[in-house]
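The values are calculated or read from the model by the stated rules, or taken from the named source; none is laboratory data. Computed from a predicted model, the values in this text were never measured in an experiment. FYI the Cβ positions are ideal-geometry reconstructions off the backbone, even for glycines, and counts take in every protein chain you see. Accessible surface is based on the protein model in full, side chains and every heavy atom, while ligands, DNA and RNA are left aside. Shrake-Rupley method; radii C 1.70, N 1.55, O 1.52, S 1.80 Å.
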Amino acid sequence: DANAVTVIDVVHFFRLTETVYDKKSYKAYIKTYMKRVNEHLVANKPDEVEGFQRNVQPFVMDIMTNLDDCQLFMGESCDCDAMLVICRYKPDQPTTPYFYFFKHGLTEMKC
């Protein structure tokens, strides 16, 4: 169909909206967001705090270093305090988007 529009499934079905952050504003956002996730883990899943802290820092540093190569998306509510979904394309697979979610920032919902 000549009128067909190609969309990214994750973005389309979860009604994500692309947003733009420069490194300074993303650093401020992620610092606040990670603090909130850490506080939640301390209160609700203390056995996961150490692993979270150990694993999240190298990932966040990688994102900060490569922020210009990432797309950031926010949920339908456009809540600036909520998780930003990170999308990256790998150099060897430039047509395949890879999405990254902080699993400790997700809430399970049964449908």
Within the chain, how many Lys pairs sit with Cα atoms under 15 Å apart, leaving out pairs fewer than 8 places apart on the same chain? 5
Determine the relative contact order of the chain: mean sequence separation of Cα pairs under 8 Å and six or more apart, normalised by residue count, in whole percent. 26 percent
Taking the simple approach of a point 7 Å from Cα along Cα-to-Cβ for both Asp79 and Val56, what is their distance in nm? 1.6 nm
Using DSSP to call loops (not H, G, I, E or B), can you name the GluC sites (Glu not before Pro) in region 16-110 whose Cβ has at most 12 other Cβ atoms within 10 angstrom? Glu76, Glu108
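Heavy atoms only, probe 1.4 Å: what % of the accessible area of the chain goes to carbon and sulfur, would you let me know? Please list the in-between numbers first.
Details: 4430 of 8310 Å².
Result for the chain: 53 percent of the exposed heavy-atom area is carbon or sulfur.
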How long are the semi-axes of the equivalent ellipsoid of the chain, taking √(5λ) for every eigenvalue λ of the Cα gyration tensor, in whole Å from largest down? 27, 18, 14
So, in Å, what gap is there between the alpha-carbon centers of region 62-86 and region 12-30? 3 Å
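Which value does Rg/Rh take for region 50-111 over its C-alpha atoms, Rh per Kirkwood?
On the way: Rg = 13.2 Å, Rh = 13.3 Å.
With Rg and the Kirkwood Rh in hand, the quotient comes to 0.99.
Give me the 1.4 Å probe accessible area per residue for region 1-62, excluding ligands and nucleic acids, in Å².
Working: 4910 Å² over 62 residues.
On a per-residue basis, 79 Å².
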If Cys87, Cys111 are ordered by their accessible area, calculated over protein heavy atoms with a 1.4 Å probe, which sequence runs from highest to lowest? Cys111, Cys87
For region 5-57, treating each Cα as an identical point scatterer without solvent, what Debye log10 I(q)/I(0) comes out at q = 0.13 1/Å? -0.53
